[in-house]
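Below is one structure, written out as C-alpha coordinates; comments come after it.
The values are calculated or read from the model by the stated rules, or taken from the named source; none is laboratory data. Computed from a predicted model, the values in this text were never measured in an experiment. No Cβ is skipped: glycine too gets one built from the backbone with ideal geometry, and neighbour counts run over all protein chains shown. Calculation scope for accessible area: heavy atoms of the full protein, side chains included, ligands and nucleic acids excluded. Shrake-Rupley method; radii C 1.70, N 1.55, O 1.52, S 1.80 Å.
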Amino acid sequence: MESLSPAIGSTPIRPSTTISGENELLISSVKSIKMPPVARRKMRMRVAAQSSNFVVPNNINFSDPDWKVKYEREFEARFNIPHITDVFPDAVSYPSTFCLKMRTPVTEDFAQGYPSDEEWHGYINNNDRVLLKTINYSSPTSAGAECIDPDCTWVEQWVHRAGPREKIYFKPEEVKAAIITCGGLCPGLNDVIRQIVITLEIYGVKQIVGIPFGYRGFSSDDLAEMPLSRKVVQNVHLSGGSLLGVSRGGPKVSDIVDSIQERGINMLFVIGGNGTHAGANAIHDECRRRHMQVAVVGVPKTIDNDIMLMDKTFGFDTAVEEAQRAINSAYIEAHSAYHGIGIVKLMGRSSGFIAMHASLASGQIDICLIPEVPFNLHGPHGVLQHLKYLLETKGSAVICVAEGAGQDFLEKTNAKDASGNAVLGDIGVHIQQQIKKYFKEIGVTTDVKYIDPTYMIRACRANASDGILCTVLGQNAVHGAFAGYSGITVGICNTHYVYFPIPEVIAQPKIVDPNSRMWHRCLTSTGQPDFL
(Lines give C-alpha, C1' and ligand atoms only; values in the text may rest on other atoms or scores of the structure.)
Protein backbone atom coordinates (compact mmCIF):
# COMPACT_ATOMS: atom_id res chain seq x y z
CA MET A 1 0.00 0.00 0.00
CA GLU A 2 1.06 3.55 -0.62
CA SER A 3 1.51 6.31 1.93
CA LEU A 4 -1.43 7.99 3.58
CA SER A 5 -1.19 11.12 1.43
CA PRO A 6 -2.63 9.46 -1.70
CA ALA A 7 -5.26 7.71 0.45
CA ILE A 8 -6.23 11.07 1.84
CA GLY A 9 -6.34 12.86 -1.48
CA SER A 10 -8.27 10.34 -3.56
CA THR A 11 -11.55 9.66 -1.80
CA PRO A 12 -14.45 8.20 -3.81
CA ILE A 13 -17.16 10.51 -5.07
CA ARG A 14 -20.85 9.71 -4.76
CA PRO A 15 -23.10 9.93 -7.83
CA SER A 16 -23.32 13.47 -9.14
CA THR A 17 -26.46 15.52 -9.41
CA THR A 18 -28.64 15.38 -12.49
CA ILE A 19 -29.78 18.64 -14.09
CA SER A 20 -33.15 18.99 -15.76
CA GLY A 21 -33.40 19.51 -19.53
CA GLU A 22 -34.49 23.12 -19.08
CA ASN A 23 -31.44 23.95 -17.01
CA GLU A 24 -29.21 21.95 -19.33
CA LEU A 25 -30.32 24.33 -22.09
CA LEU A 26 -29.68 27.27 -19.79
CA ILE A 27 -26.15 26.07 -19.12
CA SER A 28 -25.46 25.48 -22.81
CA SER A 29 -26.80 28.95 -23.61
CA VAL A 30 -24.08 30.45 -21.43
CA LYS A 31 -21.62 29.49 -24.17
CA SER A 32 -23.29 31.91 -26.57
CA ILE A 33 -22.90 34.90 -24.23
CA LYS A 34 -19.89 37.09 -24.89
CA MET A 35 -17.91 37.13 -21.66
CA PRO A 36 -14.39 36.26 -20.47
CA PRO A 37 -13.71 32.50 -20.00
CA VAL A 38 -13.48 32.83 -16.21
CA ALA A 39 -16.83 34.63 -16.02
CA ARG A 40 -18.42 32.06 -18.33
CA ARG A 41 -17.15 29.22 -16.16
CA LYS A 42 -18.52 30.93 -13.06
CA MET A 43 -21.89 31.43 -14.71
CA ARG A 44 -22.07 27.73 -15.58
CA MET A 45 -21.17 26.85 -11.98
CA ARG A 46 -23.85 29.17 -10.68
CA VAL A 47 -26.58 27.75 -12.93
CA ALA A 48 -25.54 24.19 -12.08
CA ALA A 49 -25.49 24.94 -8.34
CA GLN A 50 -28.93 26.48 -8.43
CA SER A 51 -30.48 23.71 -10.53
CA SER A 52 -28.96 20.57 -8.97
CA ASN A 53 -31.98 19.56 -6.93
CA PHE A 54 -31.90 15.79 -6.98
CA VAL A 55 -29.29 13.05 -6.94
CA VAL A 56 -29.65 10.06 -9.21
CA PRO A 57 -28.54 6.95 -7.28
CA ASN A 58 -26.55 4.21 -8.97
CA ASN A 59 -28.49 1.60 -10.93
CA ILE A 60 -31.95 2.99 -10.12
CA ASN A 61 -34.53 2.77 -12.87
CA PHE A 62 -37.36 5.16 -12.01
CA SER A 63 -39.69 3.40 -14.45
CA ASP A 64 -39.50 0.34 -12.19
CA PRO A 65 -42.51 0.45 -9.81
CA ASP A 66 -40.33 -1.07 -7.07
CA TRP A 67 -37.46 1.46 -7.41
CA LYS A 68 -38.18 3.01 -4.01
CA VAL A 69 -37.95 -0.33 -2.15
CA LYS A 70 -34.76 -1.19 -4.05
CA TYR A 71 -33.25 2.19 -3.22
CA GLU A 72 -34.05 1.76 0.49
CA ARG A 73 -32.35 -1.66 0.45
CA GLU A 74 -29.33 -0.25 -1.35
CA PHE A 75 -29.11 2.59 1.16
CA GLU A 76 -29.37 0.19 4.09
CA ALA A 77 -26.54 -1.90 2.63
CA ARG A 78 -24.34 1.15 2.07
CA PHE A 79 -24.86 2.44 5.61
CA ASN A 80 -24.49 -0.92 7.32
CA ILE A 81 -21.56 -0.44 9.68
CA PRO A 82 -18.72 -3.02 9.72
CA HIS A 83 -18.58 -5.35 12.72
CA ILE A 84 -15.91 -7.67 14.06
CA THR A 85 -18.20 -10.66 13.45
CA ASP A 86 -18.03 -9.94 9.70
CA VAL A 87 -14.46 -11.27 9.80
CA PHE A 88 -14.61 -13.34 12.99
CA PRO A 89 -18.04 -15.07 12.95
CA ASP A 90 -17.17 -16.95 16.14
CA ALA A 91 -16.15 -13.82 18.07
CA VAL A 92 -17.27 -14.14 21.68
CA SER A 93 -19.40 -11.41 23.27
CA TYR A 94 -19.48 -10.53 26.97
CA PRO A 95 -21.92 -8.66 29.22
CA SER A 96 -20.98 -5.00 29.14
CA THR A 97 -18.76 -3.66 31.90
CA PHE A 98 -20.31 -0.24 31.33
CA CYS A 99 -23.25 0.17 33.68
CA LEU A 100 -23.83 3.40 35.55
CA LYS A 101 -25.82 1.64 38.26
CA MET A 102 -22.83 -0.56 38.99
CA ARG A 103 -19.82 1.51 40.05
CA THR A 104 -17.57 -1.43 40.97
CA PRO A 105 -14.30 -1.06 39.04
CA VAL A 106 -13.33 -3.97 36.83
CA THR A 107 -10.48 -5.98 38.35
CA GLU A 108 -7.91 -8.31 36.87
CA ASP A 109 -10.22 -11.21 37.76
CA PHE A 110 -12.49 -10.29 34.87
CA ALA A 111 -15.05 -13.06 34.33
CA GLN A 112 -17.91 -12.43 31.95
CA GLY A 113 -18.22 -8.85 33.12
CA TYR A 114 -19.84 -7.43 36.22
CA PRO A 115 -23.46 -6.63 35.38
CA SER A 116 -25.52 -4.75 37.90
CA ASP A 117 -27.83 -6.62 40.25
CA GLU A 118 -30.56 -4.31 39.02
CA GLU A 119 -31.73 -4.19 35.40
CA TRP A 120 -30.35 -1.09 33.67
CA HIS A 121 -32.13 0.53 30.75
CA GLY A 122 -29.24 2.64 29.53
CA TYR A 123 -28.19 0.43 26.62
CA ILE A 124 -28.81 1.02 22.93
CA ASN A 125 -30.35 -1.81 20.93
CA ASN A 126 -28.35 -2.73 17.84
CA ASN A 127 -31.50 -2.25 15.76
CA ASP A 128 -32.11 1.33 16.91
CA ARG A 129 -31.99 3.77 13.99
CA VAL A 130 -32.04 7.54 13.44
CA LEU A 131 -33.73 9.18 10.46
CA LEU A 132 -31.11 10.82 8.25
CA LYS A 133 -33.39 13.32 6.46
CA THR A 134 -36.37 14.92 8.17
CA ILE A 135 -37.81 17.31 5.57
CA ASN A 136 -40.30 15.95 3.04
CA TYR A 137 -39.71 18.31 0.09
CA SER A 138 -42.72 18.53 -2.18
CA SER A 139 -40.75 19.77 -5.18
CA PRO A 140 -37.13 19.94 -6.42
CA THR A 141 -37.60 23.71 -6.63
CA SER A 142 -38.13 24.06 -2.87
CA ALA A 143 -35.30 25.98 -1.21
CA GLY A 144 -32.51 23.57 -0.32
CA ALA A 145 -34.37 20.57 -1.73
CA GLU A 146 -32.50 17.26 -1.70
CA CYS A 147 -34.46 14.84 -3.85
CA ILE A 148 -33.75 11.32 -5.08
CA ASP A 149 -36.03 11.42 -8.10
CA PRO A 150 -37.54 14.22 -10.22
CA ASP A 151 -40.84 13.93 -8.31
CA CYS A 152 -39.08 14.41 -4.97
CA THR A 153 -40.51 11.16 -3.60
CA TRP A 154 -40.15 10.72 0.15
CA VAL A 155 -37.77 7.85 0.88
CA GLU A 156 -36.87 6.85 4.42
CA GLN A 157 -33.15 6.74 5.14
CA TRP A 158 -32.11 5.26 8.49
CA VAL A 159 -28.67 5.22 10.12
CA HIS A 160 -27.32 3.45 13.22
CA ARG A 161 -27.89 5.04 16.61
CA ALA A 162 -24.77 5.47 18.74
CA GLY A 163 -24.35 4.50 22.39
CA PRO A 164 -23.40 1.68 24.78
CA ARG A 165 -24.49 -1.86 23.91
CA GLU A 166 -25.41 -4.64 26.35
CA LYS A 167 -22.86 -6.97 24.77
CA ILE A 168 -19.19 -6.11 24.17
CA TYR A 169 -16.56 -7.90 22.10
CA PHE A 170 -13.38 -6.97 23.96
CA LYS A 171 -12.29 -7.91 27.47
CA PRO A 172 -11.25 -4.60 29.05
CA GLU A 173 -8.16 -6.07 30.74
CA GLU A 174 -6.92 -7.28 27.33
CA VAL A 175 -7.44 -3.97 25.55
CA LYS A 176 -4.63 -1.64 24.58
CA ALA A 177 -6.25 1.52 23.23
CA ALA A 178 -4.43 4.22 21.26
CA ILE A 179 -5.54 7.75 20.42
CA ILE A 180 -4.17 10.00 17.65
CA THR A 181 -4.97 13.55 16.52
CA CYS A 182 -4.21 14.51 12.93
CA GLY A 183 -4.41 17.52 10.61
CA GLY A 184 -4.53 21.08 11.90
CA LEU A 185 -5.47 22.32 15.35
CA CYS A 186 -9.13 22.70 16.24
CA PRO A 187 -10.89 23.76 19.45
CA GLY A 188 -12.03 20.69 21.37
CA LEU A 189 -9.25 18.20 20.58
CA ASN A 190 -8.28 17.89 24.24
CA ASP A 191 -11.93 17.54 25.24
CA VAL A 192 -12.33 14.51 22.96
CA ILE A 193 -9.07 12.93 24.17
CA ARG A 194 -10.16 13.41 27.77
CA GLN A 195 -13.55 11.77 27.30
CA ILE A 196 -12.15 8.81 25.37
CA VAL A 197 -9.71 8.13 28.22
CA ILE A 198 -12.33 8.56 30.97
CA THR A 199 -14.86 6.30 29.22
CA LEU A 200 -12.23 3.62 28.53
CA GLU A 201 -11.36 3.59 32.23
CA ILE A 202 -15.03 3.22 33.18
CA TYR A 203 -15.14 0.11 30.98
CA GLY A 204 -12.06 -1.13 32.88
CA VAL A 205 -9.26 -0.51 30.36
CA LYS A 206 -5.84 -0.10 31.97
CA GLN A 207 -3.61 0.32 28.92
CA ILE A 208 -4.32 3.63 27.18
CA VAL A 209 -1.70 5.46 25.14
CA GLY A 210 -1.49 8.52 22.95
CA ILE A 211 0.42 8.35 19.67
CA PRO A 212 2.26 11.68 19.30
CA PHE A 213 1.93 13.87 16.21
CA GLY A 214 -0.70 11.96 14.28
CA TYR A 215 0.11 9.10 11.94
CA ARG A 216 3.74 10.20 11.98
CA GLY A 217 4.02 8.83 15.51
CA PHE A 218 3.67 5.27 14.20
CA SER A 219 6.90 5.49 12.22
CA SER A 220 9.28 7.77 14.15
CA ASP A 221 11.55 5.94 16.59
CA ASP A 222 12.14 9.15 18.56
CA LEU A 223 8.41 9.60 19.29
CA ALA A 224 7.43 7.46 22.25
CA GLU A 225 3.89 6.52 23.24
CA MET A 226 2.34 8.75 25.90
CA PRO A 227 0.66 6.80 28.73
CA LEU A 228 -2.79 8.24 29.39
CA SER A 229 -5.07 8.02 32.41
CA ARG A 230 -7.80 10.07 34.02
CA LYS A 231 -5.17 11.71 36.20
CA VAL A 232 -3.18 12.78 33.11
CA VAL A 233 -6.13 14.18 31.14
CA GLN A 234 -8.22 15.57 34.01
CA ASN A 235 -7.67 19.25 33.14
CA VAL A 236 -6.43 19.16 29.53
CA HIS A 237 -9.75 20.52 28.25
CA LEU A 238 -9.03 23.82 29.95
CA SER A 239 -6.51 24.73 27.24
CA GLY A 240 -6.48 24.70 23.45
CA GLY A 241 -4.32 22.68 21.10
CA SER A 242 -3.75 18.94 21.38
CA LEU A 243 -2.09 17.12 24.27
CA LEU A 244 -0.77 14.65 21.69
CA GLY A 245 0.31 17.11 19.00
CA VAL A 246 -0.80 17.08 15.38
CA SER A 247 0.74 16.61 11.94
CA ARG A 248 -0.33 16.00 8.35
CA GLY A 249 0.43 13.03 6.15
CA GLY A 250 2.23 9.98 7.45
CA PRO A 251 3.90 6.66 6.56
CA LYS A 252 2.49 3.86 4.43
CA VAL A 253 -0.68 2.21 5.63
CA SER A 254 1.08 -1.16 5.77
CA ASP A 255 3.79 0.34 8.01
CA ILE A 256 1.17 1.82 10.33
CA VAL A 257 -0.60 -1.53 10.65
CA ASP A 258 2.77 -3.23 11.26
CA SER A 259 3.32 -0.79 14.12
CA ILE A 260 -0.19 -1.40 15.49
CA GLN A 261 0.50 -5.13 15.45
CA GLU A 262 3.90 -4.78 17.14
CA ARG A 263 2.51 -2.52 19.86
CA GLY A 264 -0.42 -4.85 20.59
CA ILE A 265 -3.01 -2.15 19.93
CA ASN A 266 -6.55 -3.47 19.45
CA MET A 267 -8.50 -0.19 19.67
CA LEU A 268 -7.49 2.86 17.64
CA PHE A 269 -9.30 6.18 17.99
CA VAL A 270 -8.54 8.57 15.15
CA ILE A 271 -9.48 12.23 15.53
CA GLY A 272 -9.31 14.18 12.28
CA GLY A 273 -11.00 15.42 9.13
CA ASN A 274 -11.79 13.92 5.73
CA GLY A 275 -8.18 13.06 4.91
CA THR A 276 -7.52 11.57 8.32
CA HIS A 277 -10.68 9.48 8.03
CA ALA A 278 -9.58 8.22 4.61
CA GLY A 279 -6.40 7.04 6.32
CA ALA A 280 -8.39 5.45 9.16
CA ASN A 281 -10.53 3.57 6.66
CA ALA A 282 -7.43 2.30 4.87
CA ILE A 283 -6.02 1.11 8.22
CA HIS A 284 -9.33 -0.62 9.00
CA ASP A 285 -9.28 -2.39 5.60
CA GLU A 286 -5.68 -3.52 6.07
CA CYS A 287 -6.40 -4.85 9.57
CA ARG A 288 -9.30 -6.85 8.14
CA ARG A 289 -7.13 -8.16 5.33
CA ARG A 290 -4.65 -9.42 7.93
CA HIS A 291 -7.45 -10.83 10.14
CA MET A 292 -6.46 -8.59 13.02
CA GLN A 293 -9.18 -8.05 15.64
CA VAL A 294 -8.71 -4.27 15.84
CA ALA A 295 -11.48 -1.68 16.19
CA VAL A 296 -10.71 1.53 14.26
CA VAL A 297 -13.10 4.36 15.18
CA GLY A 298 -13.01 7.93 13.92
CA VAL A 299 -14.10 11.15 15.58
CA PRO A 300 -14.69 13.83 12.90
CA LYS A 301 -12.63 16.96 13.47
CA THR A 302 -12.95 19.85 11.05
CA ILE A 303 -13.30 23.43 12.08
CA ASP A 304 -14.79 24.12 8.61
CA ASN A 305 -17.84 21.90 9.36
CA ASP A 306 -17.37 20.28 5.95
CA ILE A 307 -17.97 16.58 6.73
CA MET A 308 -20.97 15.04 4.98
CA LEU A 309 -24.21 13.95 6.68
CA MET A 310 -23.54 15.56 10.06
CA ASP A 311 -25.34 18.47 11.70
CA LYS A 312 -21.99 19.94 12.73
CA THR A 313 -18.49 18.96 13.77
CA PHE A 314 -16.73 19.98 16.95
CA GLY A 315 -14.80 23.25 16.89
CA PHE A 316 -17.23 24.91 14.49
CA ASP A 317 -19.36 26.66 17.12
CA THR A 318 -16.22 27.93 18.85
CA ALA A 319 -14.81 29.20 15.55
CA VAL A 320 -17.99 31.14 14.77
CA GLU A 321 -18.02 32.61 18.27
CA GLU A 322 -14.34 33.60 18.21
CA ALA A 323 -14.73 35.10 14.72
CA GLN A 324 -17.10 37.65 16.25
CA ARG A 325 -14.14 39.35 17.93
CA ALA A 326 -12.34 39.83 14.63
CA ILE A 327 -15.52 40.99 12.86
CA ASN A 328 -16.34 43.45 15.62
CA SER A 329 -12.78 44.83 15.49
CA ALA A 330 -13.04 45.23 11.72
CA TYR A 331 -16.41 46.96 12.12
CA ILE A 332 -15.08 49.40 14.73
CA GLU A 333 -12.03 50.20 12.61
CA ALA A 334 -14.16 50.74 9.51
CA HIS A 335 -16.92 52.66 11.30
CA SER A 336 -14.41 54.96 13.00
CA ALA A 337 -12.53 55.90 9.85
CA TYR A 338 -13.42 58.13 6.89
CA HIS A 339 -14.51 55.73 4.14
CA GLY A 340 -13.34 52.82 6.29
CA ILE A 341 -13.38 49.27 4.91
CA GLY A 342 -12.74 46.25 7.13
CA ILE A 343 -11.83 42.83 5.70
CA VAL A 344 -11.92 39.64 7.78
CA LYS A 345 -10.67 36.36 6.32
CA LEU A 346 -11.96 33.21 8.01
CA MET A 347 -11.32 29.48 7.58
CA GLY A 348 -13.09 27.53 4.85
CA ARG A 349 -11.03 25.88 2.10
CA SER A 350 -13.95 24.47 0.12
CA SER A 351 -16.89 25.26 2.38
CA GLY A 352 -18.04 28.65 3.57
CA PHE A 353 -19.94 27.61 6.68
CA ILE A 354 -17.83 29.61 9.15
CA ALA A 355 -17.98 32.80 7.06
CA MET A 356 -21.73 32.41 6.52
CA HIS A 357 -22.60 31.69 10.15
CA ALA A 358 -20.19 34.32 11.49
CA SER A 359 -21.76 36.90 9.17
CA LEU A 360 -25.24 35.95 10.36
CA ALA A 361 -24.23 36.02 14.01
CA SER A 362 -22.51 39.39 13.91
CA GLY A 363 -25.04 41.45 11.97
CA GLN A 364 -22.11 43.73 11.03
CA ILE A 365 -21.17 42.23 7.65
CA ASP A 366 -22.07 43.98 4.39
CA ILE A 367 -20.48 41.44 2.02
CA CYS A 368 -19.95 37.71 2.63
CA LEU A 369 -17.87 35.80 0.06
CA ILE A 370 -17.67 31.99 0.11
CA PRO A 371 -16.13 29.34 -2.19
CA GLU A 372 -19.49 27.91 -3.27
CA VAL A 373 -20.80 31.16 -4.74
CA PRO A 374 -18.75 32.70 -7.59
CA PHE A 375 -18.36 36.47 -7.75
CA ASN A 376 -16.71 39.21 -9.79
CA LEU A 377 -14.55 41.90 -8.24
CA HIS A 378 -14.71 44.31 -11.18
CA GLY A 379 -17.51 45.36 -13.52
CA PRO A 380 -20.90 46.99 -12.99
CA HIS A 381 -22.12 44.13 -10.78
CA GLY A 382 -18.82 43.42 -9.03
CA VAL A 383 -17.82 43.64 -5.37
CA LEU A 384 -15.86 46.86 -5.88
CA GLN A 385 -18.82 48.69 -7.43
CA HIS A 386 -20.99 47.63 -4.48
CA LEU A 387 -18.31 48.83 -2.05
CA LYS A 388 -18.41 52.24 -3.75
CA TYR A 389 -22.18 52.29 -3.22
CA LEU A 390 -21.78 51.35 0.45
CA LEU A 391 -19.26 54.12 1.07
CA GLU A 392 -21.59 56.63 -0.59
CA THR A 393 -24.64 55.52 1.42
CA LYS A 394 -23.23 54.19 4.71
CA GLY A 395 -19.76 55.70 4.86
CA SER A 396 -18.11 52.36 5.71
CA ALA A 397 -18.25 48.64 4.91
CA VAL A 398 -17.15 45.28 6.34
CA ILE A 399 -16.32 42.20 4.23
CA CYS A 400 -16.12 38.61 5.48
CA VAL A 401 -14.37 36.23 3.09
CA ALA A 402 -13.68 32.50 3.39
CA GLU A 403 -10.10 31.47 2.60
CA GLY A 404 -11.16 29.31 -0.37
CA ALA A 405 -13.28 31.99 -2.05
CA GLY A 406 -12.19 33.67 -5.29
CA GLN A 407 -9.22 31.39 -5.96
CA ASP A 408 -9.71 31.97 -9.71
CA PHE A 409 -8.37 35.49 -9.20
CA LEU A 410 -5.08 34.19 -7.78
CA GLU A 411 -2.09 32.61 -9.46
CA LYS A 412 -2.04 28.81 -9.19
CA THR A 413 1.13 27.24 -7.77
CA ASN A 414 0.12 23.53 -7.90
CA ALA A 415 1.77 23.22 -4.48
CA LYS A 416 0.34 20.64 -2.06
CA ASP A 417 0.56 20.30 1.70
CA ALA A 418 1.44 17.03 3.47
CA SER A 419 -2.21 15.93 3.36
CA GLY A 420 -2.41 16.42 -0.40
CA ASN A 421 -4.49 19.61 -0.19
CA ALA A 422 -3.78 22.40 -2.67
CA VAL A 423 -1.98 25.34 -1.09
CA LEU A 424 -4.34 28.30 -1.49
CA GLY A 425 -3.47 31.87 -2.35
CA ASP A 426 -4.39 34.62 0.14
CA ILE A 427 -7.71 35.96 -1.13
CA GLY A 428 -7.89 38.43 1.75
CA VAL A 429 -4.67 40.20 0.76
CA HIS A 430 -5.73 40.15 -2.89
CA ILE A 431 -9.07 41.81 -2.13
CA GLN A 432 -7.32 44.38 0.06
CA GLN A 433 -4.93 45.26 -2.77
CA GLN A 434 -7.70 45.41 -5.37
CA ILE A 435 -9.80 47.71 -3.16
CA LYS A 436 -6.92 50.13 -2.63
CA LYS A 437 -6.08 50.13 -6.33
CA TYR A 438 -9.70 50.62 -7.46
CA PHE A 439 -10.48 53.55 -5.18
CA LYS A 440 -7.15 55.21 -5.90
CA GLU A 441 -7.91 55.06 -9.63
CA ILE A 442 -11.32 56.71 -9.17
CA GLY A 443 -9.92 59.29 -6.75
CA VAL A 444 -11.79 58.20 -3.61
CA THR A 445 -9.97 58.17 -0.28
CA THR A 446 -10.35 54.94 1.71
CA ASP A 447 -8.93 53.43 4.89
CA VAL A 448 -8.66 49.65 4.48
CA LYS A 449 -7.94 47.30 7.40
CA TYR A 450 -7.33 43.55 6.96
CA ILE A 451 -7.65 41.00 9.79
CA ASP A 452 -6.76 37.30 9.57
CA PRO A 453 -7.57 35.62 12.93
CA THR A 454 -7.16 32.03 11.64
CA TYR A 455 -4.51 30.70 14.03
CA MET A 456 -5.90 32.59 17.01
CA ILE A 457 -9.22 30.83 16.47
CA ARG A 458 -7.71 27.38 15.91
CA ALA A 459 -5.66 27.55 19.11
CA CYS A 460 -8.40 28.56 21.56
CA ARG A 461 -10.21 26.19 23.92
CA ALA A 462 -13.68 24.88 23.08
CA ASN A 463 -16.72 26.84 24.21
CA ALA A 464 -19.55 25.24 26.23
CA SER A 465 -21.51 24.05 23.19
CA ASP A 466 -18.48 22.37 21.60
CA GLY A 467 -17.42 21.02 25.00
CA ILE A 468 -20.68 19.08 25.26
CA LEU A 469 -20.40 17.86 21.66
CA CYS A 470 -16.80 16.68 22.23
CA THR A 471 -17.79 14.91 25.43
CA VAL A 472 -20.56 12.89 23.79
CA LEU A 473 -18.52 12.14 20.66
CA GLY A 474 -15.64 10.81 22.77
CA GLN A 475 -17.94 8.63 24.87
CA ASN A 476 -19.76 7.21 21.84
CA ALA A 477 -16.48 6.45 20.06
CA VAL A 478 -15.54 4.13 22.95
CA HIS A 479 -19.03 2.58 23.05
CA GLY A 480 -18.75 1.83 19.32
CA ALA A 481 -15.35 0.17 19.67
CA PHE A 482 -16.45 -2.04 22.57
CA ALA A 483 -19.61 -2.98 20.68
CA GLY A 484 -17.33 -4.51 18.03
CA TYR A 485 -17.72 -1.90 15.30
CA SER A 486 -14.77 -0.78 13.19
CA GLY A 487 -14.31 1.43 10.15
CA ILE A 488 -16.91 3.80 11.58
CA THR A 489 -17.08 7.40 12.68
CA VAL A 490 -19.40 9.01 15.20
CA GLY A 491 -21.42 12.14 14.51
CA ILE A 492 -24.55 14.09 15.32
CA CYS A 493 -27.47 13.79 12.92
CA ASN A 494 -30.80 15.54 13.49
CA THR A 495 -29.74 16.14 17.11
CA HIS A 496 -29.09 12.42 17.71
CA TYR A 497 -25.70 10.70 17.87
CA VAL A 498 -25.10 8.08 15.20
CA TYR A 499 -22.48 5.79 13.67
CA PHE A 500 -21.62 6.15 9.97
CA PRO A 501 -19.44 3.88 7.82
CA ILE A 502 -16.37 6.02 7.05
CA PRO A 503 -16.61 5.78 3.21
CA GLU A 504 -19.99 7.51 3.27
CA VAL A 505 -18.76 10.60 5.10
CA ILE A 506 -15.53 11.04 3.10
CA ALA A 507 -17.10 10.64 -0.34
CA GLN A 508 -16.92 14.42 -0.81
CA PRO A 509 -16.81 17.52 1.39
CA LYS A 510 -20.03 19.08 2.59
CA ILE A 511 -20.56 22.51 1.06
CA VAL A 512 -22.98 25.40 1.40
CA ASP A 513 -25.96 25.01 -0.93
CA PRO A 514 -26.47 28.40 -2.66
CA ASN A 515 -30.18 27.53 -2.82
CA SER A 516 -30.43 26.75 0.90
CA ARG A 517 -32.47 28.77 3.34
CA MET A 518 -29.37 29.46 5.44
CA TRP A 519 -27.52 31.13 2.56
CA HIS A 520 -30.68 33.09 1.70
CA ARG A 521 -30.81 34.21 5.35
CA CYS A 522 -27.22 35.38 5.09
CA LEU A 523 -27.99 37.39 1.94
CA THR A 524 -31.00 38.92 3.68
CA SER A 525 -28.78 39.92 6.61
CA THR A 526 -25.97 41.46 4.53
CA GLY A 527 -28.19 42.95 1.83
CA GLN A 528 -25.54 42.16 -0.77
CA PRO A 529 -26.51 41.77 -4.45
CA ASP A 530 -25.52 39.05 -6.88
CA PHE A 531 -21.90 39.78 -7.84
CA LEU A 532 -22.12 38.23 -11.32
Need one value: the accessible area of Glu76 in square angstrom, 1.4 angstrom probe, rounded to the nearest 10. 120 Å²
Helix 21-30 sits at what angle to the longest principal axis of the chain, using alpha carbons and giving 0 to 90 degrees rounded to 10? 50 degrees
What does the highest-first list of 256-264, 466-474 look like by mean Cβ count within 10 Å? 466-474, 256-264
Computed accessible area, Tyr71, all protein chains, 1.4 angstrom probe, square angstrom: 20 Å²
Spatial extent of the chain: Rg and Dmax, with the Cα atoms as the point set, Å: 25.0, 83
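Send over the Kirkwood Rh of the range 358-500, from the inverse of the averaged 1/r over different Cα pairs, rounded to one decimal Å. Let's see the in-between values first.
Numbers: mean 1/r = 0.0527 Å⁻¹.
When all Cα pairs of the range 358-500 are included, the Kirkwood radius is 19.0 Å.
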Please report the accessible area of Tyr169 (heavy atoms, 1.4 Å probe, ligands and nucleic acids excluded) in Å², nearest 10. 50 Å²
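So what's the back-of-envelope 222 nm ellipticity for the chain, counting only DSSP H runs of four-plus at -39500 (n - 2.57) apiece and dividing by all residues, rounded to 500? Provide the component values of the computation, followed by the final result.
Values: 17 runs with 188 residues, N = 532.
Rounded to the nearest 500, the figure is -10500 deg cm²/dmol.
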Would you mind getting me the FRET efficiency between Asp151 and Ala361? Use the beta-carbon distance for r and R0 = 41 Å, nearest 0.05. 0.65
Decide, for the range 123-191, between rounded, prolate and oblate: order the square roots of the alpha carbon gyration tensor eigenvalues as a ≥ b ≥ c, take rounded if a/c falls under 1.5, and otherwise choose prolate if a/b is larger than b/c, else oblate. oblate
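For the range 462-526, take the convex hull of the Cα atoms, compute a quarter of its surface area, and give me that in nm², please. Intermediate values should be presented prior to the final figure.
On the way: hull surface 24.9 nm².
The number I arrive at for the range 462-526 is 6.2 nm².
Show Asp417, Asp311, Asp306 ordered by accessible area, largest first, where the area counts protein heavy atoms only and the probe is 1.4 Å. Please report the intermediate quantities before stating the final value.
Working: Asp417 45, Asp311 65, Asp306 20 Å².
Solvent-accessible surface, decreasing: Asp311, Asp417, Asp306.
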Could you work out how far apart the two model spin labels at Asp222 and Ser329 are, taking each label as a point 7 Å from the Cα in the direction of the beta carbon, and quote it in nm? 3.5 nm
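What is the extension gain from Asp66 to Lys416, computed as 0.36 nm multiplied by their sequence separation minus the C-alpha to C-alpha distance, in nm to one decimal?
Details: separation 350, 0.36 × 350 = 126.00 nm, distance 4.64 nm.
This chain segment gains 121.4 nm when fully extended.
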To the nearest Å, what is the center-to-center distance of the range 511-532 and the range 215-235, using C-alpha atoms only? 44 Å
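Taking Cα pairs under 8 Å and at least six residues apart, what relative contact order does the chain come out at, in percent? List each step's numbers first, then the result.
Values: 1145 pairs, mean separation 111.7, N = 532.
Relative contact order comes out at 21 percent.
Give the relative contact order (percent, whole number) for the range 385-532; include only Cα pairs under 8 Å separated by 6+ residues. Each step should come with its number before you reach the end.
On the way: 74 pairs, mean separation 13.5, N = 148.
Once divided by the residue count of the range 385-532, the mean separation gives 9 percent.
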Accessible area of the chain with a 1.4 Å probe: how many percent of it is carbon plus sulfur? 50 percent
Near Thr446, within a Cβ-to-Cβ distance under 9 Å, what is the net charge of the other residues, with Lys and Arg +1 and Asp and Glu -1? +1
Rounded to the nearest 10 degrees, the helix 517-526 long axis (Cα) sits at an angle to the longest Cα principal axis of the chain of 40 degrees
Lysines near Lys436 by alpha-carbon distance under 26 Å, same-chain residues fewer than 8 away left out - which ones? Lys42, Lys345, Lys388, Lys394, Lys412, Lys449
Just to confirm, what accessible area per residue do you get for the chain at 1.4 Å probe, in whole Å²? 44 Å²
